[in-house]
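What follows is a single structure, written as structure tokens, with notes after it.
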Amino acid sequence: MTRVLVLATTTGYQTRMFGEAAARLGVELVFATDRCDHLDDPWADGAIAVRFHDEGPSADAIVRALEGRPINGVLALGDRPTVLAARVAELLGLPGHPPDAAAAARDKRTSRARLGAAGLPTPAGFAVPITRDPASLLPQVPFPCVVKPAALSGSRGVIRADTPDAFVAAFGRVRRLLESPDIQALRDPLADIIQVESYIDGDEYAVEGVLEHGVLRVLAIFDKPVPLVGPFFEETVYVTPSQAGAGRQQAIRHAVGAAVDALGLRHGPVHAECRVSGDLVFVLEVAARPIGGLCARALRFTDPGGAAAGLEEVLLRHATGESLDGWRREEAASGVMMIPIPRGGVYRHVAGVDDALQVDGVDEVRVTAKPDQRLVPLPEGASYLGFIFARGAAPDDVVRALDAAHARLHFTIDPELPVMA
């Protein structure tokens with residue numbers, strides 16, 4: 001039996017998508033998640049209980065739990081499991097990202113330092129503990145600037161500030177987020193660090209790829225057609241193939257390749273975020289994991305024989321040692337809209353899903369918010385209302401389809417009732 005170990009924060013949408021792909025391939029998945037180890041398999045998935053903040057003992061526990069069950073590959077879903085996944089792969093003698101490189105990719109401070117040392121363009125900035133007085137930092141703040149948590153991803157807690165007053169307010173807002181119970185419960189050593197860096201004006205792109213023993217294979221370059229200029233940076237639309245010129249796309253590929261080399265990443269999925277300003281490509285992040293959530297549904301591929309497959313199948317094949325030579329992204333343009341939360345409150349219901357599905361090119365509308373769920377928009381929030389997926393002859397067709405479908409959705413969100421002391 002071919003087995004792949006999957007480390008994930010939850011057994012949610014993304015893990016189910018990998019489970020479906022594994023069933024098609026005849027691959028057994030073994031999960032390791034950060035659940036309570038005192039509960040007797042509450043999700044009935046046989047997952048190994050680990051603590052992502054306690055990497056050494058957790059890695060040893062996984063290796064012990066796997067005795068008698070040979071593993072052919074290791075995958076990490078989400079940012080927090082990446083370092084533990086790298087340590088387990090190393091202990092099992094399997095190809096993967098070196099633990100030091102995975103840790104550097106997670107830590108914005110180390111990542112910036114390594115990219116800068118390699119001569120790559122990086123935003124000017126600094127990192128400080130959340131306990132610092134923001135007013136005392138003003139002489140060294142590069143305005144306009146971006147204030148962001150060192151520990152979080154997906155634009156959570158990322159705020160642009162153009163003036164001293166805005167900087168002090170943004171710093172305080174990020175500090176309150178990092179001091180919140182749900183963040184503190186993660187016990188992440190990076191959760192008490194705030195990164196301050198210069199705002200880079202330009203177009204933003206995402207790059208999905210895999211490293212094959214140090215060689216980067218770019219699977220897709222996503223355009224982000226909705227400008228991300230602040231004060232918050234809520235990502236909404238990804239569309240591929242990129243409409244950037246051939247020269248710019250080559251520059252993006254080269255910059256991401258140089259960034260993974262500088263970080264020391266070696267084998268496995270990578271997801272990068274870039275800003276292109278003039279002729280400079282700023283690699284803002286390289287994560288040692290695939291694109292998150294349901295967004296992978298926007299990617300489809302064909303194998304050398306012409307058979308279709310999703311990203312999950314491609315990554316499972318890669319994890320088990322198969323070559324990806326001859327695999328190609330589908331010819332059609334495709335994209336996803338992460339449906340933004342327009343305001344905080346309590347989600348009740350949505351109308352117009354059937355109408356949205358009638359838009360030409362729309363494949364799927366998946367509302368992931370649950371009735372009576374408390375909604376928190378960015379920068380404090382960490383979720384979306386759902387996802388819209390579309391395909392078309394050209395990227396512009398896809399963007400129009402996503403926008404038209406979104407316009408047909410009507411969400412009822414009630415105000416939260418104040419809590420009386």
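Please find, within the range 103-117, the residue that is farthest from Asp188 (Cα to Cα) out of those that are in contact (Cβ under 8 Å) with a residue 40 or more places away in the chain and open to solvent by less than 60 Å² (accessible area, probe 1.4 Å).
Ranking the candidates gives Leu115 first.
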Open item on the list: Criterion first (at pLDDT 95 or above and in a strand (DSSP E or B)) does Ala220 satisfy it?
Closed with: yes
TODO: Within the range 296-306, identify whether any single residue is of a type in the set (A, V, I, L, M), closer than 17 Å to Ser383 by Cβ, open to solvent by less than 10 Å² (accessible area, probe 1.4 Å) and in contact with a Ser or Thr (Cβ under 9 Å, 6 or more places away or on another chain), and answer yes or no.
DONE: no
- [ ] Can you confirm whether the range 167-185 contains a residue that is more than 23 Å from Val147 (Cβ to Cβ) and either surrounded by fewer than 18 Cβ atoms within 10 Å (Cβ to Cβ) or aliphatic (A, V, I, L, M) (or both)?
- [x] no
Task: Some residue of the range 36-47 being modelled with pLDDT of 85 or more and either crowded, with 16+ Cβ neighbours inside 10 Å or in a loop (DSSP other than H, G, I, E, B) (or both) - done: yes
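Would you confirm whether any residue within the range 331-345 is free of Cβ contacts under 8 Å to residues at least 12 places away in the same chain and under 25 Å from the mean Cα position of the chain (by Cα)? Write out each step before concluding.
Our first condition is that a residue be free of Cβ contacts under 8 Å to residues at least 12 places away in the same chain; within the range 331-345, this holds for 331.
Now narrow it down to the ones that are under 25 Å from the mean Cα position of the chain (by Cα): 331.
There is at least one residue in the range 331-345 that is free of Cβ contacts under 8 Å to residues at least 12 places away in the same chain and under 25 Å from the mean Cα position of the chain (by Cα).
Within the range 298-330, take every residue that is of a type in the set (A, V, I, L, M) and in a strand (DSSP E or B) and give me the one that is farthest from the chain's Cα centre (by Cα).
To start, the set of residues in the range 298-330 that are of a type in the set (A, V, I, L, M) comprises 298-299, 307-309, 311, 314-316, 319, 324.
Within this subset, residues satisfying the condition of being in a strand (DSSP E or B) are 308-309.
Values: Ala308: 24, Ala309: 21 Å.
My answer is Ala308.
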Task: Filter result (over 18 Å from Val286 (Cβ atoms) and either among the β-branched types (Val, Ile, Thr) or under 22 Å from the mean Cα position of the chain (by Cα) (or both)) within the range 96-133 - done: Val128, Ile130, Thr131
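Per-residue answers, yes or no, for (1) open to solvent by 20 Å² or more (accessible area, probe 1.4 Å); (2) acidic (Asp, Glu):
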site: Glu212; (1), (2): yes, yes
site: Val237; (1), (2): no, no
site: Gln243; (1), (2): yes, no
site: Gln249; (1), (2): yes, no
site: Ala258; (1), (2): yes, no
site: Asp261; (1), (2): yes, yes
site: Gly264; (1), (2): yes, no
site: Val270; (1), (2): no, no
site: Leu284; (1), (2): yes, no
- [ ] Of all residues in the range 142-165, count the ones that are surrounded by fewer than 21 Cβ atoms within 10 Å (Cβ to Cβ) and over 25 Å from Leu375 (Cβ atoms).
- [x] 7
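Those residues that are among the acidic types (Asp, Glu), within 24 Å of Ile130 (Cα to Cα) and assigned to a loop (DSSP other than H, G, I, E, B), I need them from the range 188-217; list them, please. Quick ask: steps written out before the conclusion?
Step one: list which residues in the range 188-217 are among the acidic types (Asp, Glu), which gives 188, 192, 197, 201, 203-204, 208, 212.
Narrowing further to those that are within 24 Å of Ile130 (Cα to Cα): 188, 192, 197.
Of everything in the range 188-217, those that are among the acidic types (Asp, Glu), within 24 Å of Ile130 (Cα to Cα) and assigned to a loop (DSSP other than H, G, I, E, B) turn out to be Asp188, Asp192.
Output the residues belonging to the range 86-97 that are touching a residue at least 12 places away in the same chain (Cβ under 8 Å) and surrounded by fewer than 20 Cβ atoms within 10 Å (Cβ to Cβ). Break it down stepwise before answering.
At the first step, the residues of the range 86-97 found to be touching a residue at least 12 places away in the same chain (Cβ under 8 Å) are 86-89, 91-92, 94-97.
Leu91, Leu92, Leu94, Pro95 - these are the residues of the range 86-97 that are touching a residue at least 12 places away in the same chain (Cβ under 8 Å) and surrounded by fewer than 20 Cβ atoms within 10 Å (Cβ to Cβ).
Residues that are closer than 16 Å to Cys295 by Cβ, open to solvent by 20 Å² or more (accessible area, probe 1.4 Å) and modelled with pLDDT of 95 or more: which strands (runs of 3 or more DSSP E) entirely in the range 331-421 hold 1 or more of them?
Values: elements: 333-339, 345-351, 362-367, 386-392, 410-414.
Output list reads 362-367, 386-392.
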TODO: Taking only the range 242-277 into account, find how many residues are in contact with a Phe, Trp or Tyr (Cβ under 9 Å, 6 or more places away or on another chain) and part of a loop (DSSP other than H, G, I, E, B).
DONE: 2
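Would you call Asp100 at pLDDT below 95, more than 26 Å from Thr2 (Cα to Cα) and open to solvent by 50 Å² or more (accessible area, probe 1.4 Å)? First the steps, then the outcome.
Numbers: at pLDDT below 95: no; more than 26 Å from Thr2 (Cα to Cα): yes; open to solvent by 50 Å² or more (accessible area, probe 1.4 Å): yes.
When the stated conditions are applied, Asp100 does not pass them.
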TODO: Examine the range 51-69 for a residue that is closer than 23 Å to Gly293 by Cβ, modelled with pLDDT of 95 or more and not polar (S, T, N, Q), and state whether such a residue exists.
DONE: no
Task: Residues of the range 53-78 that turn out to be within 15 Å of Thr320 (Cβ to Cβ) and exposed (fewer than 15 other Cβ atoms within 10 Å of the Cβ), as a count - done: 2
Open item on the list: Being charged (D, E, K, R), in contact (Cβ under 8 Å) with a residue 60 or more places away in the chain and closer than 27 Å to Leu177 by Cα is true for just one of Asp100, Asp79. Which residue is that?
Closed with: Asp79
Task: The listed residue being open to solvent by 50 Å² or more (accessible area, probe 1.4 Å) and among the acidic types (Asp, Glu), out of Asp201, Asp223 - done: Asp201
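The values are calculated or read from the model by the stated rules, or taken from the named source; none is laboratory data. Since the structure is predicted, the reported quantities are computational estimates derived from the model, not experimental observations. As a convention, Cβ positions derive from the backbone with ideal geometry for all residues, glycine included, and neighbour counts pool all protein chains shown. The accessibility values were calculated without ligands, DNA or RNA, using every heavy atom of the protein model including side chains. Shrake-Rupley method; radii C 1.70, N 1.55, O 1.52, S 1.80 Å.
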